[in-house]
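A.B. asks: Supplied in structure tokens, the structure appears directly below.
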Amino acid sequence: MSGDLSLDINIKEPRWDQSTFMGRAQHFFFVTDPRNILKSSKTLEDARVTVENYRLGVVKPGLTEDELWRAKYVYDSAFHPDTGEKMVVVGRMSAQVPMNMTITGCMLTFYRTTPAVVFWQWVNQSFNAVVNYTNRSGDAALTTNQLAAAYVSATTGAVVTALGLKSLAKRLPAVMSRFVPFFAVAAANCINIPFMRQRELKYGIPVTDENGNRLGESVTAAKSGIIQVVVSRIGMAVPAMAIPPVIMNALEKKAFMKRFPVLNAPVQVGLVGLCSMAVSSLEPDLQERIRQNSPHTTTVFFNKGL
């Protein structure tokens with residue numbers, strides 16, 4: 001059964017032109033919209049049904065293009081792109097702004113004592129572990145034992161890194177101690193992400209042709225995706241964790257901050273996709289399979305994860 005709405009709308013791609021800054025900005029404003037975490041289970045389910053039915057060529061009578069795109073972004077905000085399962089709330093993209101603002105602000109505020117460093121690094125890496133697992137690439141699930149081992153290893157590594165840097169910073173200018181959270185987070189990302197996604201490194205992630213047809217699983221693509229995620233996570237942390245320390249170091253010398261130290265944490269908080277790869281870069285056995293099953297394919301695509 002088909003309604004009046006055209007079936008030619010490509011909802012596999014973002015609604016706006018991703019070759020322009022404004023198009024990318026509009027896309028990510030919708031993807032990270034914190035209001036989506038307030039959507040009810042019924043709203044999420046309705047969005048899922050609307051999107052999946054549209055992909056099958058079934059259009060609800062009276063459905064408009066705007067309603068379809070709203071459903072698409074609500075669906076994307078809550079369901080994993082590979083497995084289709086509903087994601088844990090704090091691991092969703094729509095939760096990233098409020099969660100990261102709060103945790104980052106607290107890490108930058110409470111860095112002077114060892115218990116505070118341990119607690120907030122533990123909170124941050126626990127949150128990162130949930131995000132990394134929730135947004136993992138591929139559809140192969142981690143076992144409970146693998147998940148527990150990855151979490152303990154990553155969190156322990158993050159806390160040890162933070163304490164080591166804190167000890168080193170004692171011999172450096174006072175302002176340098178403010179950068180301990182940033183360097184700890186950068187180092188921890190190099191531990192946390194590969195550990196939480198170790199299954200991908202062992203079994204690979206799905207690679208597809210330009211039409212979305214699955215061609216196999218690639219460990220090489222998994223390695224490439226994980227490296228890109230580590231680098232982008234560190235880069236994403238720079239504005240929120242490397243700039244505020246300089247600002248706060250200057251502000252805390254002001255009379256009003258000395259008079260109202262309780263403002264420290266709120267001020268800190270306030271300051272605070274798909275990839276492609278050439279077939280020739282994949283494993284030899286997978287290259288051979290693709291040549292046999294899809295000889296015209298020269299480039300494959302994969303979800304690198306968040």
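A.B. asks: Is it fair to say LYS223 is within 18 Å of the chain's Cα centre (by Cα), surrounded by fewer than 23 Cβ atoms within 10 Å (Cβ to Cβ) and modelled with pLDDT of 80 or more? Full working, then the answer.
C.D. replies: Numbers: within 18 Å of the chain's Cα centre (by Cα): yes; surrounded by fewer than 23 Cβ atoms within 10 Å (Cβ to Cβ): yes; modelled with pLDDT of 80 or more: yes.
It is true that LYS223 is within 18 Å of the chain's Cα centre (by Cα), surrounded by fewer than 23 Cβ atoms within 10 Å (Cβ to Cβ) and modelled with pLDDT of 80 or more.
A.B. asks: Scan segment 58-71 and tell me whether some residue there is in contact with a strand residue (DSSP E or B) (Cβ under 7 Å, 6 or more places away or on another chain), surrounded by 14 or more Cβ atoms within 10 Å (Cβ to Cβ) and either farther than 27 Å from MET101 by Cα or modelled with pLDDT under 85 (or both). Please lay out each step first, then the result.
C.D. replies: Initial filter on segment 58-71 (in contact with a strand residue (DSSP E or B) (Cβ under 7 Å, 6 or more places away or on another chain)): none.
Within segment 58-71 (the criterion being in contact with a strand residue (DSSP E or B) (Cβ under 7 Å, 6 or more places away or on another chain), surrounded by 14 or more Cβ atoms within 10 Å (Cβ to Cβ) and either farther than 27 Å from MET101 by Cα or modelled with pLDDT under 85 (or both)), the answer is no, since none of the residues qualifies.
A.B. asks: Run down THR43, THR32 and say which single residue is surrounded by 15 or more Cβ atoms within 10 Å (Cβ to Cβ) and farther than 26 Å from ARG214 by Cβ.
C.D. replies: Values: THR43 fails: surrounded by 15 or more Cβ atoms within 10 Å (Cβ to Cβ).
When all the criteria are applied, what remains is THR32.
A.B. asks: For segment 199-214, give me each residue that is open to solvent by 40 Å² or more (accessible area, probe 1.4 Å) and in contact with a helix residue (DSSP H, G or I) (Cβ under 6 Å, 6 or more places away or on another chain). Break it down into steps so the answer makes sense when it comes.
C.D. replies: First pass over segment 199-214, keeping only residues open to solvent by 40 Å² or more (accessible area, probe 1.4 Å): 199, 201-203, 210-214.
Hit for segment 199-214 is LEU201, nothing else.
A.B. asks: Sticking with this structure for a sec: Condition first: small (Gly, Ala, Ser), surrounded by fewer than 16 Cβ atoms within 10 Å (Cβ to Cβ) and at pLDDT below 75. Now tell me which residues in segment 162-192 satisfy that.
C.D. replies: Filtering segment 162-192 down to residues small (Gly, Ala, Ser) leaves 162, 164, 167, 169, 174, 177, 184, 186-188.
Remaining after also requiring surrounded by fewer than 16 Cβ atoms within 10 Å (Cβ to Cβ): 164, 167, 174.
ALA174, the sole residue that qualifies.
A.B. asks: Can you name the residue in segment 98-120 that is surrounded by 21 or more Cβ atoms within 10 Å (Cβ to Cβ) and over 28 Å from ASP33 (Cα atoms) and, of all such residues, is modelled with the lowest pLDDT?
C.D. replies: TYR111
A.B. asks: Let me ask something additional. Return a yes/no flag: does segment 113-134 have any residue that is assigned to a loop (DSSP other than H, G, I, E, B), closer than 19 Å to ILE193 by Cα and not basic (Lys, Arg). It would help to see each step written out before you state the result.
C.D. replies: First, pick out the residues of segment 113-134 that are assigned to a loop (DSSP other than H, G, I, E, B): 113.
Going one step further and asking which of them are closer than 19 Å to ILE193 by Cα, we end up with none.
Scanning segment 113-134, I find no residue that is assigned to a loop (DSSP other than H, G, I, E, B), closer than 19 Å to ILE193 by Cα and not basic (Lys, Arg), so the answer is no.
A.B. asks: Check VAL89 against each of (1) over 30 Å from VAL159 (Cα atoms); (2) touching a helix residue (DSSP H, G or I) at 6+ places or on another chain (Cβ under 9 Å); (3) open to solvent by 60 Å² or more (accessible area, probe 1.4 Å) and name the one condition it does not meet.
C.D. replies: The single condition VAL89 does not satisfy is (1).
The values are calculated or read from the model by the stated rules, or taken from the named source; none is laboratory data. Note that the structure is a prediction, hence the values are computed from the model and not measured. Here the Cβ is made from the backbone with ideal geometry for all residues, glycine too, and neighbour counts use every protein chain on show. In case anyone asks, the SASA skips ligands and DNA or RNA and just uses the protein heavy atoms, side chains included. Shrake-Rupley method; radii C 1.70, N 1.55, O 1.52, S 1.80 Å.
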